[in-house]
Amino acid sequence: WGEPFPILYRDRDGAAESVPDDQLPVRLPEVESYQPTDTGKSPLANIHDWVAAKTAAGEAAHRETDTMPQWAGSCWYYLRFMDPHNRESFASMARQKRWGQVDVYVGGTEHLNLHDLYSRFWHRALYDLGLVAEKEPFQKLLHQGMVLGPDGSKMSKSAGNIVNPDEILEVYGADVLRLNLCFMGPVEANK
């Protein structure tokens with residue numbers, strides 16, 4: 001599962017409120033296994049000790065059991081790298097100004113299109129709240145090309161067009177294979 005929403009619902013009337021600051025961050029329970037519910041709710045709904053909570057006023061409440069998509073945490077991690085030991089905020093303004101924006105963000109087209117979109121959304125929200133120093137998270141975006149299969153389409157297990165590298169590995173080794181992949185052509189091109 002992804003990151004938990006820090007929301008509580010009062011048992012007496014169902015009203016939503018934020019988890020009290022002294023209960024943050026909300027940590028997911030460690031369980032050996034979990035089963036889906038029969039109601040369509042998150043498997044977290046079955047972990048009653050975790051779901052039961054108290055509001056800031058001490059009233060009985062229950063936690064939101066849906067979680068954010070895993071994209072959520074990966075959309076701002078670069079900010080935390082600037083100030084990893086800060087317990088007051090995720091990154092101080094001084095550290096952000098010192099490190100500045102990410103110079104170049106490199107990634108595959110399929111992953112990076114959505115990741116860049118979500119990162120920009122999260123970063124812009126943080127900027128509007130006055131929590132980040134720069135309006136944009138990245139100075140430059142570089143889409144690396146994909147390695148294609150023998151049939152000219154994207155190489156994937158599901159398409160069944162994987163080139164087995166074992167023969168090259170046995171004769172030349174992994175480093176030569178990696179070097180060959182690095183220099184097949186321009187980084188932006190499909191190869």
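Annotations for the structure displayed:
- Filter result for R27 (outside any loop (DSSP other than H, G, I, E, B), among the basic types (K, R) and either open to solvent by 40 Å² or more (accessible area, probe 1.4 Å) or closer than 23 Å to W122 by Cβ (or both)): no
- Options A94, A72; residue that is at pLDDT 90 or above, over 24 Å from A15 (Cβ atoms) and either open to solvent by 50 Å² or more (accessible area, probe 1.4 Å) or not in a loop (DSSP other than H, G, I, E, B) (or both): A94
- Filter result for A174 (among the small types (G, A, S), over 29 Å from P69 (Cβ atoms) and without any contact (Cβ under 8 Å) to a residue 60 or more places away in the chain): yes
- Scanning region 20-39 for residues being under 16 Å from D49 (Cα atoms) and not polar (S, T, N, Q) gives a total of 8.
- Pair list, Cβ under 9 Å, 6 or more apart: region 17-32 residue more than 10 Å from P6 (Cα to Cα) and in contact (Cβ under 8 Å) with a residue 24 or more places away in the chain, other residue open to solvent by 80 Å² or more (accessible area, probe 1.4 Å) and in a loop (DSSP other than H, G, I, E, B): L28/W1
- Pair list, Cβ < 9 Å and 6+ apart or interchain, from region 34-62 residues that are under 18 Å from E3 (Cβ atoms) and in a helix (DSSP H, G or I) to residues that are open to solvent by 50 Å² or more (accessible area, probe 1.4 Å) and of a type in the set (F, W, Y): P43/W1; P43/Y34; L44/W1; L44/Y34
The values are calculated or read from the model by the stated rules, or taken from the named source; none is laboratory data. Keep in mind it's a predicted model, so treat the numbers as computed, not measured. Methodologically, a virtual Cβ is constructed for each residue, glycine included, from the backbone with ideal geometry; neighbour enumeration extends over all protein chains shown. Accessible surface areas use protein heavy atoms only, side chains included; no ligands, DNA or RNA. Shrake-Rupley method; radii C 1.70, N 1.55, O 1.52, S 1.80 Å.
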